[in-house]
Amino acid sequence: MDLNIPVKSPTGIRGLDVITAGGLPDGRITLVTGGPGSGKTVFSMQYLHAGVELGEPGVFVTFEDQPAFIGGNVRSFGWDVAAMVDADMLRFVDVSAPSGGEGRIVGGFDLSALAERIKTACDEIGAKRVALDSLGALFARLGLFDPLERLEMRTGLRELAARLRALDVTTIMTSERTSEASPDLDYQLEEYVADNVLMLRNNLDGERRRRTVEVLKFRGAEHHEGQFAFSILPGSGIAVLPLGEMALETPSTEDRTESGSVELDAMLGGGMFRESVALVSGATGTGKTLVSSHFVLGGAARGDKVLLLAYEESRDQLFRNARGWGMDFDGLVASGQLRVECAYPEGMSLQRHLARITSLVDEYQPDRIVIDSLSALERAGSVLGFREFSLALVALVKTRGVLTLMTSSSAELSGSVTVTEGHISTLTDLILLLRYVEVAGEMRRGVAVLKMRGSTHDKAIREFTIDGEGMRIGRIFQRVGGIVLGVPHQVNPSLDDRLTTLFDDPPTADL
Amino acid sequence: MRMHLTLYIAGADTSRSISAKRRLDHLLGRLDAEVYLDVVDVLESPDLAELARVFATPTLVRDLPSPARRVIGDLSDVEGVTAALGLDPYLLHPEGV
């Protein structure tokens, strides 16, 4: 029985540490395999950069690109390679093609020079991490299409692996996966040198590229299974999105806060929970943006900083709408309590959208976020991509503890569930429905609290009106059924009866 | 015609290092050229191996005349060595001496 369960060392790459349940096994070798353009070199450099941030020096063994070239390539991620080298936190072992070309093989050889150079570099700076990127490039240069058929390569790599383990460094070794169907080289490398295998993929999903990372094997160590989406973002590099792993574990608070409407607070049994996620669903024109605007004002009134992310309307439109309801967005922006960011959904991939939101949240540190609307972002990706985006977005706001209100447009005027809601309803704490209700040949608006996690709430459907001061929530629709399902009908068709009893309940203020 | 060669080995007394040196001496004995030979033990001078981007041992590099050329291995493939390093024009005697 193997009781030698490896200790993990955090990589410093946030999402990766979540899916690997703590990082890479300490002192071991992890094979990072992936096709061309799957992000192996960025991954390698980020692994070392994250180590430097944690005070762990690293050695980059490059078989393909020259060190200066790598340094230039990763500058956009905010990693200053030259500074790390100057600070003795990073050393390169340059195994890129020599000038004049690679030599041909003219007899038996070993990889002692490589092992010795790596050892020397590690000793010089006290390295804790090593990245080799990528062995495949070396094999290709030598014209070895089946490199491990050569005894020297098998022996050499095995010796190299033994040397690395003896150095007490945690190593990643990248390998080019030329085809998903013929991973022979990977399997052999895995057999000879690696304890663990991570696979990077760059697949087409619909018309979009979708990058994922998967832990294929962690010898004797716990990890999360399946493919996890990641992005390569300017300014920060690889960001793994661990989806629901984080979202459902975060604690929620019992503290209540203002929704921005006294009447809505009453329906919610005393206001929204801080750190909760609310979804406001309704057809176009039912008042979603208005509810959002009240939410903005309610936050600002209590001193919250609010980030408004708009995907349907321009800044001018939003501010004009707000003015129409007597709300001064300009003043809030001027005082720093409101930040409005508009973006066109199709303008970038969902992963970029998420990255943008993440950096906005990190930069502005809002107490509240409005996303108007979430459903507009459906257009920026595939169904699967949108599902992952929604989960990651909820995970983001939950982990930062930001009170969030998202809107969702339903295609049909009277309601019914949309893709957005199907994906996100289980992750939200509060769902507010805005619906058109036809009463006596007249279109009216209704509002209902479909769900509120951890609280009693008003179960009735109330009339929702809009005037020069914004929204008003009024009395209960009596004798009208099917509103939530989107097929309102009169429970009792008697006109007299309806007219006399339509609003025969106490006003909300008395609740 | 001057020629500058560097032989990179790992340890002076391993069988690979010894046979590479012996084969090289034999080859150089047949060359009609002024040859300067450096032998670098990468275990003692890993920095020189780093400068030359040498990863395998033995590796023989022809630094001069330029452009530089190199071969990897214990030089048992004599024809491969002479062809890759462009030594044929300097050979006094045909193969088999």
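Consider segment B:41-50. How many of its residues are at the interface with chain A (Cβ under 8 Å from one of its Cβ atoms), in contact (Cβ under 8 Å) with a residue 12 or more places away in the chain and either assigned to a loop (DSSP other than H, G, I, E, B) or open to solvent by 10 Å² or more (accessible area, probe 1.4 Å) (or both)? Matching residues across segment B:41-50 total 2. Residue-level analysis places B:Arg53 outside the set of residues that are open to solvent by 80 Å² or more (accessible area, probe 1.4 Å), within 8 Å of chain A (Cβ to nearest Cβ) and in contact with a strand residue (DSSP E or B) (Cβ under 7 Å, 6 or more places away or on another chain). Among the helices (runs of 4 or more DSSP H) confined to segment A:322-417, the ones with at least 1 residues that are of a type in the set (Val, Ile, Thr) and within 17 Å of A:Glu312 (Cα to Cα) are located at A:350-364. Can you find a residue that is open to solvent by 10 Å² or more (accessible area, probe 1.4 Å), farther than 22 Å from B:Leu43 by Cα, within 14 Å of chain B (Cβ to nearest Cβ) and without any contact (Cβ under 8 Å) to a residue 40 or more places away in the chain anywhere in segment A:166-183? No, segment A:166-183 contains no residue that is open to solvent by 10 Å² or more (accessible area, probe 1.4 Å), farther than 22 Å from B:Leu43 by Cα, within 14 Å of chain B (Cβ to nearest Cβ) and without any contact (Cβ under 8 Å) to a residue 40 or more places away in the chain.
Residue-level check: of (1) in a strand (DSSP E or B); (2) of a type in the set (Ser, Thr, Tyr); (3) more than 30 Å from B:Ala10 (Cα to Cα), A:Thr30 misses just (3). For segment A:91-132, the tally of residues that are surrounded by fewer than 24 Cβ atoms within 10 Å (Cβ to Cβ), within 14 Å of A:Gly156 (Cβ to Cβ) and of a type in the set (Val, Ile, Thr) stands at 1. Before we move on, is A:Lys288 of a type in the set (D, E, K, R) and surrounded by fewer than 21 Cβ atoms within 10 Å (Cβ to Cβ)? The answer is no for A:Lys288.
A:Arg75 meets the stated requirement of being surrounded by fewer than 18 Cβ atoms within 10 Å (Cβ to Cβ) and charged (D, E, K, R). Consider A:Ala83 carefully, then state whether it is more than 7 Å from every other protein chain (Cβ to nearest Cβ), touching a Lys or Arg at 6+ places or on another chain (Cβ under 8 Å) and either farther than 29 Å from B:Ala83 by Cβ or part of a helix (DSSP H, G or I) (or both). The answer is no for A:Ala83.
Assessment of segment A:131-139 against the conditions (among the polar types (S, T, N, Q) and at pLDDT below 90) yields at least one matching residue. Within this structure, B:Pro67 fails the test of being out of contact with any helix residue (DSSP H, G or I) (no Cβ under 7 Å at 6 or more places or on another chain) and either of a type in the set (Lys, Arg) or in a helix (DSSP H, G or I) (or both). Residue under question is B:Leu91, and the condition is that it be of a type in the set (A, V, I, L, M), open to solvent by 70 Å² or more (accessible area, probe 1.4 Å), farther than 23 Å from A:Ile118 by Cβ and more than 9 Å from chain A (Cβ to nearest Cβ); does it hold? Answer is no for this residue. Just one of the listed residues (A:Glu64, A:Glu53) is in contact with a Ser or Thr (Cβ under 8 Å, 6 or more places away or on another chain), in contact (Cβ under 8 Å) with a residue 40 or more places away in the chain, farther than 17 Å from A:Ala121 by Cα and surrounded by fewer than 22 Cβ atoms within 10 Å (Cβ to Cβ), and it is A:Glu64. Among the residues of segment B:20-40, the one identified as in a strand (DSSP E or B), surrounded by fewer than 20 Cβ atoms within 10 Å (Cβ to Cβ) and within 14 Å of chain A (Cβ to nearest Cβ) is B:Val39.
All of (1) at the interface with chain A (Cβ under 9 Å from one of its Cβ atoms); (2) of a type in the set (Asp, Glu); (3) open to solvent by less than 60 Å² (accessible area, probe 1.4 Å); (4) in contact (Cβ under 8 Å) with a residue 12 or more places away in the chain hold for B:Glu79 with one exception: (3). Among the residues of segment A:267-274, at least one is closer than 27 Å to A:Val437 by Cα, surrounded by fewer than 20 Cβ atoms within 10 Å (Cβ to Cβ) and out of contact with any Ser or Thr (no Cβ under 6 Å at 6 or more places or on another chain). A search for C-beta distances below 6 Å between a residue of segment A:293-312 that is more than 26 Å from A:Met348 (Cα to Cα) and any residue that is basic (Lys, Arg) and crowded, with 20+ Cβ neighbours inside 10 Å, counting only pairs 6+ apart in sequence or on different chains, returns A:Gly299/A:Arg368; A:Asp304/A:Arg368. For segment A:146-165, taking the residues that are open to solvent by 70 Å² or more (accessible area, probe 1.4 Å) and assigned to a helix (DSSP H, G or I), the one that is modelled with the lowest pLDDT is identified as A:Glu149.
The values are calculated or read from the model by the stated rules, or taken from the named source; none is laboratory data. Bear in mind that the values here come from a model prediction, so they are computed numbers and not experimental data. Note that each Cβ is placed from the backbone with ideal geometry, even for glycine, and that neighbours are counted across all protein chains shown. These accessible areas exclude ligands, DNA and RNA; they are computed on the full protein's heavy atoms, side chains included. Shrake-Rupley method; radii C 1.70, N 1.55, O 1.52, S 1.80 Å.
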